Amino acid sequence: MKAQLDITSTPADRDRYVDLLRLVSIVVVVFGHWLMAVVIFRDGSFSGTNALDEIEGIWILTWLLQVMPLFFFVGGFSNLRSWTSTERKGLGYPAFLSTRVTRLIAPVLVFVAVWLPAAILLERTEGSEVVATTELLAKPLWFLAVYVLAVALAPVMISLHHRYRVGVPAALVAGAIAVDIARIGFGIPYVGYLNFAFVWLFAHQLGFFYADGSLTKLRPTVQLTGGLAALGVLVALVSSGVYSPSMVGMATDRISNNDPPSICLIALTVWLVGLAMAFRPKGCKLLERPGAWKAVVIGNSMIMTMFLWHLTALFAASVILLPAGLPQPDAGTAVWWLLRPVWLVVLVTILAVLVAIFGRFERAALLRKAQPRARASTPATILGLAALIAALAGLAIHGFAGPSQPTINPTGSALASCAYLVGGYFLIRPASAKGHASITRR
């Protein structure tokens, strides 16, 4: 029998709002990237820029559109619930990592299997200019590299949460501040990359307080007040002149808030979490409607596919439509804004086709009934984990470019990343049996 999602057997105690936040966080990121990308085709050549650099004051949108902290926040919720279930069943760390990571990596394998040979082919037929743009298509993999690391550290961070409670996020904040002082105050650049751990683990750690009921015990007014207080801190930080006002990268940034992350993203995280939790009662009421819940379930079943392929949709639309004569007004003009809805409809259509083609692989990973591996060992699991993180980070930094682009990424390096990705996946992937599955996984 063909496996399918069963939304009718959703447990009554399932927190459906978590699923909504997960879906919203990815959809907002997709539309944010599409809105900010300004692709130009003139005189037979493509170029691109960021609307944030072209339109004065539009950076304020990033205070709502940079919602990746929410994904890590709900990830913390899910990982605590999953680890608790793993321990209750008497299973170990390899089983936990298998169930949490396999679904994330399965659609990545398909994405890489398509784009690596495509990049090599484009290089030979279209030249290095087109290939160089393929570097951007793999950029979203940075987030998966960091998130997989957060999943790997979840059991340790959960143990610390149970023992030290608010002391853990407080320590992460202190670490992020210390890193910023070293990076900005003392000019030590590379120490800034430690904040990929401090900042994103902070967002992940807050999810534990949601999972154990601490946040839901607070009244919405208290949650919103906390979020607004964090917003005030964020205003103070960017008003100091030290930090960029944008929560994503800009060409004019002296100090990036995103790469590497700064303390501003911690303030942004608290602001967004406070806002999200304040709206939770209304969100939960909305999700009592079968149609709304069904839409959320379907969206979550292909969420990684949407995320991975949304820049491919942008690439395809640009390559096909701009040379064909699609109007290209200057960014920020009235005509540019009027054309944004048309442009977004085109991108949604192309992405829908890509999801229809490739979404089946993610759904298959979701529906697979994972079984504990009899011979799975913690050392092998950790080795697989390290390989996955190295592969994801390597592709995110260097992309898929071929041998004529050695400053971007030689093919050998891309192939090595693919080998790490495949090897890591099969070291972590559990034994499985396909069958009917309900939407009960977190």
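The values are calculated or read from the model by the stated rules, or taken from the named source; none is laboratory data. Because the structure is predicted, anything quoted here is derived from the model rather than measured. Reconstructed Cβ throughout: ideal geometry from the backbone, glycine too, with neighbour counts over all protein chains shown.
The condition (being buried (at least 22 other Cβ atoms within 10 Å of the Cβ) and among the β-branched types (Val, Ile, Thr)) is satisfied by just one residue among 74, 24, 38: 74.
Of the residues making up region 331-347, those that are in contact (Cβ under 8 Å) with a residue 12 or more places away in the chain and not small (Gly, Ala, Ser) are 339, 340, 343, 344, 346, 347.
Of the candidates 136, 141, 104, the single residue that is more than 29 Å from residue 367 (Cβ to Cβ) and of a type in the set (A, V, I, L, M) is 136.
Checked against the criteria, residue 55 does not count as touching a residue at least 12 places away in the same chain (Cβ under 8 Å) and either closer than 17 Å to residue 318 by Cα or exposed (fewer than 15 other Cβ atoms within 10 Å of the Cβ) (or both). Any residue that is among the charged types (D, E, K, R), part of a helix (DSSP H, G or I) and more than 13 Å from the chain's Cα centre (by Cα) - is there at least one of those in region 290-311? Yes: region 290-311 contains one or more residues that are among the charged types (D, E, K, R), part of a helix (DSSP H, G or I) and more than 13 Å from the chain's Cα centre (by Cα). Comparison of 187, 192, 167 shows that the only residue that is touching a residue at least 24 places away in the same chain (Cβ under 8 Å) and either within 24 Å of residue 81 (Cβ to Cβ) or more than 17 Å from the chain's Cα centre (by Cα) (or both) is 192.
Scanning region 80-125 for residues that are more than 22 Å from residue 301 (Cβ to Cβ), modelled with pLDDT of 90 or more and of a type in the set (D, E, K, R) yields 87, 88. Quick check, is residue 221 farther than 30 Å from residue 351 by Cα, over 25 Å from the mean Cα position of the chain (by Cα) and of a type in the set (Val, Ile, Thr)? In short, yes.
Within region 329-337, not a single residue is of a type in the set (Phe, Trp, Tyr), under 14 Å from residue 21 (Cα atoms) and surrounded by 18 or more Cβ atoms within 10 Å (Cβ to Cβ).
Of the residues 138, 170, only one is at pLDDT 95 or above, hydrophobic (A, V, I, L, M, F, W, C) and either surrounded by 22 or more Cβ atoms within 10 Å (Cβ to Cβ) or over 30 Å from residue 317 (Cβ atoms) (or both); which?
Every option except 170 fails the conditions.
Residue-wise test of (1) assigned to a helix (DSSP H, G or I); (2) surrounded by 12 or more Cβ atoms within 10 Å (Cβ to Cβ); (3) in contact with a strand residue (DSSP E or B) (Cβ under 9 Å, 6 or more places away or on another chain).
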position	(1), (2), (3)
318	yes, yes, yes
323	no, no, yes
347	yes, yes, no
356	yes, no, no
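One residue alone among 240, 244, 214 is loosely packed, with under 15 Cβ neighbours inside 10 Å and modelled with pLDDT under 95, and that residue is 240.
Each residue in region 141-164 was checked for being aliphatic (A, V, I, L, M), surrounded by fewer than 18 Cβ atoms within 10 Å (Cβ to Cβ) and under 24 Å from the mean Cα position of the chain (by Cα), and 2 of them qualify. Residues of region 248-289 that are more than 16 Å from the chain's Cα centre (by Cα) and of a type in the set (Gly, Ala, Ser): 251, 256, 262, 267, 274, 276, 278, 283.
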